[in-house]
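Novice: Take this structure first; my questions come after.
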Amino acid sequence: MVFFSKILAGPAAFLLIYLLPLQGLPYNGRIAFATFVWAVVWWMARPIPWGISSLLPLVVFPVLGVMSIRATTALYGQRIFFWILGITMLGYALEKHGVAKRVALRFLTLKGVANSTAKLTFMYMLVTAIISMFIADVGVVGMMMPIGMSLFAYISGVTGIAPEAGKKSRLASFLALGTLYGAVAGGVATIAGLPHNAIGVSLAESLADTYIGWFRWMKVGVPLFVVLLVSFYFLLRYFFPPEIATIPGGRDFVQGELKKLGKMTVGEINVLVSFVCMVLLFTGPSVIALALGADHPTALYLRNAVPTWLVPPAILFLLFLLPVNVQKGEGTLVWRDVVEHAPWNIIFLCTGAVAMTDALSQFGFLEFTNGLIGGLGIGITGLPFLAAGVTVVGTNLFSGTAASTLFCSIFIPTAAEIGFNPASMAILIPNAAVGILFPWAGASAGTAFASGFLDMKEMIKVGLVASLLIFVITPLIHLLFAPIL
């Protein structure tokens, strides 16, 4: 019965939206909006996989005369498909060949870090955040959580710390939420940090004709990352003060774990080469533009010849071409890796979400929402807080991808209309679209909860405060930095 109610919720939402008296929205726009809401409801209820729900327009639009099947199919030719595929497979390559673990352990062996609980927990969050700047947060949580669990196992073994009866260890809870919150903080810093960051970049171009490059994102992303990371750290120190202050032999343990990895393998070297190439391709055009001037012919050529969207598929080629076994013809990645480890569900969800947003923009929905928000009388100062507020709430109810798509499509044109920098709005919404409140708010939150270190009541209680911090800090940072983006 529950299954069928989840299925019927989608068509019911479609019918409700269609019957609403949405004055000024033409028939095609009404159908496109109702279809998008249907998809969002199914993304929330999940009666079928996200990726399949994202294909609704292929059926609804031709049947109801909105678009031909050829035109509807063309909506799905989105560059975001190859972006997410390339970025996530590089993340998997870092995990497959052990590069991420080696880098994390190397940071943790810094003098004085592993023997102090305060320094160790902060460095652990910082390393998690740095890795998350370049790898999707769910992959980072998956990679770092075993390190956190092994650190806790060692610390509890040598110190004999034990949680109070019926409660989780405070240090263990700190490490679990520290992994999640560190990944979230790092994910806002760069375009590559969160899968739905690319949605903001794509919609900024299509809705406001503004280009967001690597460094333009980082102008606001890095300050936000720093403030969020420090805020999250002290938040966790308040709620989960570790049971001990010093860790006997902590540095020796971490160094022992690092020695177990042995010398760098060919696969690790190949992945590092690919990673460096990615960073150079992302940053090169911006560096040249800064050095020679944005209007210099070389800078203009590189911006057109090496756009941001080209980088992930180019790196994917490199990962397949660099060999780990010449005799067997085996690359750093093989096709089985893509088949088994690419997040196809999320890739199709993102592609379908952007496709539906394209349809909405064609059929007058953006002008309609501009009129609605404009009627509220919200100014430049209030708009970022409104956008952050609805995004923080929405992303704990449905996916960050869906939230980013829905709210970017509404608030980017509105920002341009009232004079707030649309590029800042395109970054702000993905920054706020991080589900950390519930275990089911997203894959990252679910992975952290699955560690067994967290009590659900504690996760929600701390998550409420963390979500409030995101709601307050994110728009404040953007109000400060929007004029220079």
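Please treat every number below as a calculation from the coordinates, not as lab data. Computed from a predicted model, the values in this text were never measured in an experiment.
Novice: If amide hydrogens are placed 1.01 Å from N in the peptide plane, which non-local residues have theirs closer than 5 Å to the one on S116?
Specialist: Those qualifying (amide H under 5 Å, at least 5 residues apart or on another chain) are I247.
Novice: Moving to a separate point now. Enumerate the amide H contacts of V324 below 5 Å, restricted to partners 5 or more residues apart or on another chain; note that Pro and chain-start residues carry no placed amide H.
Specialist: E330, G331, T332
Novice: Also: What angle, in degrees between 0 and 90 and rounded to the nearest 10, separates the Cα long axis of helix 311-321 from the longest principal axis of the Cα atoms of the chain?
Specialist: Once rounded, the angle reads 50 degrees.
Novice: Can you give me the long-range amide H partners of L454? Hydrogens built in the peptide plane at 1.01 Å from N, cutoff under 5 Å, separation of 5 or more residues or another chain.
Specialist: For L454, whose amide H was placed from the backbone, there are no distant partners under 5 Å.
Novice: My understanding is that a pair violates if its Cα-Cα distance is over 32 Å; which of K260/K461; K260/K328; K263/K461 do that in this structure?
Specialist: Violating the 32 Å Cα-Cα cut-off are K260/K461; K263/K461.
Novice: Below 8 Å, C-alpha to C-alpha, sequence gap of six or more: please give me the relative contact order for the chain in percent.
Specialist: Contact order relative to length: 23 percent.
Novice: Relative to the longest principal axis of the C-alpha atoms of the chain, give the angle of the C-alpha long axis of helix 344-362, reported between 0 and 90° and rounded to the nearest 10°.
Specialist: So the inclination is approximately 30 degrees.
Novice: Another question, if that's okay. At what distance in angstrom do the alpha carbon centres of the stretch 165-211 and the stretch 221-264 lie from each other?
Specialist: If you average the Cα positions of each part, the centres end up 18 Å apart.
Novice: Follow-up question, since we're still on this one. What translational D, rounded to a whole number of µm²/s, comes out for the stretch 1-74 from Stokes-Einstein when the hydrodynamic radius is the Kirkwood one over Cα pairs, at 4 °C and 1.567 mPa s?
Specialist: 102
Novice: Hey, what angle do you get for helix 365-374 against the long axis of the chain, alpha-carbon based, 0 to 90 degrees rounded to 10?
Specialist: Relative to the chain, helix 365-374 is tipped by roughly 80 degrees.
Novice: Follow-up. Could you tell me which label, among (i) 23.0; (ii) 32.5; (iii) 25.4, carries the value of mean projected area of the Cα convex hull in nm² calculated for this structure?
Specialist: Here the calculated entry is (iii).
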